[in-house]
Amino acid sequence: MSPKVSIILTSYNRPHLLKKAIESVLIQTMNKWELFIMDDASNKETTEIIRSYLNDKRIHYINSGVQDEDRHKTTRYASLINQAIPLTKGEYLSYLTDDTVYLPNRLQIMTSYLDKHPSIDIVYSSQKVQILNDQLKSVAERKRNASRILSKAANVVDHCSVMHTRRIAEKVYKKYYSYWDDSPECWHNGDAVFWMRLNQFQSFYPIPHVLDQTVKTPQCFQLLNRFLPNDVPNGTLVKGLTSEIYVIDQKKRRKITSEMLILLKYDSSKIVDVTDPLLFKYPLGPEIDQSALSNHNLFPNQRLIKCTKTNQLYFLENNQKRLIEPKAFKRFGFKLTEIITMNPELLALFENGLPIEVVFKPNCICPDNFLFTIGSTYYLSMDNQLHQIDINIIKRLKLTLNKVIQLSSNEVKHFKKGTPIKWGFRK
Ligand code: TYD
Ligand code: MG
């Protein structure tokens, strides 16, 4: 039996929800379907779930084998869909994500609508959205209604509420040389970008029933990605989808234990939840454990140090120690609670960097990850440049607004301005 509709299910590390998504296809009232499970190199728990369904000949499994450090390079789910489409056989194409279920009559209703209206190429239906909390308990519910013919479906219709003909997908390919646009700027709303392509040829026709149900967890890509820049500054504490915590140090990610967080005077309330593509963009550096306390090569940067002998304060940066002038301590908003004491023998092993002085002078080097204002505009220091930064990104990175340093017009002259730190998505 040749399939009428091909379903492309994209999956990444959600074993329990993925199981429900697959089951929702198996119980469809219309059975002329094929399912392509496109797994983006998920953990073992997820691949084990997938394997338990592979006896069904209608189910195909492809593991992308993507390397974690390459995850940020394309909009992964769009790449997976582009890989799947040429392998599919159905007259119609339909998308599913691993956090969504189809209602049992979805395929039947949508395919019979398309069969009955041969000139219509794209249908969409209403969707129920459940908002879940960290414990995956439902805290709210809303509905996306399909009621109008949409000549602009972008950001209105969800990924999993659409079915379209293969014929129109081929028209997209002919015009754009790809089906979905998988460039990395599409991560936030790749479905919307593809809907724009489809809308070049036709409107979306509504089927006013709820035919799929999705969940929004605090860990879903869109919520995590909100106001997150493409780069996070050195010294930031980050956490991806697992419970592991990392420090970004010299543009590497270094795992840190909860014991070391305390010993090295990190503030756990400043851990930033990030997407896995952003986290894995940073190569793995050496773990921060007890050995950091006795080995200057392993001691993390962006730390405030007091010499137990001289009581002098230093800021560690680029594996150098930078003496902090007493007045600069206040201006830079350093806190007494952040001071780590270090014996002079270990401290002596660090090379001397330029001191941090209260007023910026010609040829000074600006310490990384401090907030500045010039007039009413915010800037973040990175790589000895000032990068304009939006208030929403400042809050997202949990940077402290009460330690903003106001720069005088004289001081501004000593700085280079870097590229602004931006967040955005294709509109
Ligand atoms: P999801 O978190 O559901 O995004 P949204 O916030 O828009 O609901 O992710 C969408 C899809 O992306 C989902 O099917 C899993 C897939 N995905 C990958 O294929 N690779 C990845 O690295 C990530 C992070 C997601
Ligand atoms: Mg989702």
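Spin-label model, residue 89/residue 147: points 7 Å from Cα along the beta carbon direction are separated by 4.2 nm. Here the sum of -39500 (n - 2.57) over DSSP H runs of 4 or more residues, divided by the residues of the chain, equals -6000 deg cm²/dmol at 222 nm, to the nearest 500.
Beta bridges from DSSP with both residues in the chain: antiparallel share about 50 percent, rounded to the nearest 5. Modelled spin-label separation between residue 346 and residue 116, with each label point placed 7 Å from Cα along the Cα-to-Cβ direction: 7.5 nm. Taking the alpha-carbon centroid of each part, what is the distance from the stretch 8-43 to the stretch 158-185 in angstrom? Centre-to-centre (Cα) distance: 20 Å. Taken along its three principal axes, the alpha carbon spread of the stretch 1-113 comes to 43, 26, 22 Å, from the longest extent down to the shortest. Per residue, the accessible area of the chain comes to 47 Å², computed with a 1.4 Å probe over protein heavy atoms only. Accessible area ranking (1.4 Å probe, heavy atoms, ligands and nucleic acids excluded), largest first, for 209, 296: 209, 296. As an exercise, use a Förster radius of 35 Å and the Cβ-Cβ distance of residue 263 and residue 384 to find the FRET efficiency, rounded to the nearest 0.05. After rounding, the FRET efficiency stands at 0.75.
Among the protein heavy atoms, those of residue 115 account for about 80 Å² of accessible surface (1.4 Å probe, every chain in place).
Counted over the stretch 311-383, the DSSP beta bridges are approximately 75% antiparallel.
For the peptides 392-398, 228-234, residues were scored by their other Cβ atoms within 10 Å and the scores averaged per peptide; the highest-first order is 228-234, 392-398. Protein-only accessible surface at a 1.4 angstrom probe places the residues 142, 58, 71, 76 in the order 142, 58, 76, 71, largest first. To put it simply, the accessible area of the stretch 159-243 at a 1.4 Å probe is 51 percent carbon and sulfur. The value given for the stretch 137-244 is a Kirkwood hydrodynamic radius of 16.5 Å, derived from the mean inverse Cα-Cα separation. Distance between the C-alpha centers of the stretch 213-257 and the stretch 305-357? Whole Å please. The stretch 213-257 and the stretch 305-357 have Cα centres spaced 28 Å from each other. For the chain, the fraction of alpha-carbon pairs lying more than 40 Å apart is 32 percent, rounded to a whole number.
Distance between the pseudo-spin-label points of residue 216 and residue 364 (7 Å out from Cα toward the beta carbon): 4.4 nm.
The values are calculated or read from the model by the stated rules, or taken from the named source; none is laboratory data. Treat the numbers as computed from the prediction; the structure is a model and nothing was measured. FYI the Cβ positions are ideal-geometry reconstructions off the backbone, even for glycines, and counts take in every protein chain you see. Quick note on the areas: whole protein, heavy atoms, side chains included, nothing else; ligands and nucleic acids left out. Shrake-Rupley method; radii C 1.70, N 1.55, O 1.52, S 1.80 Å.
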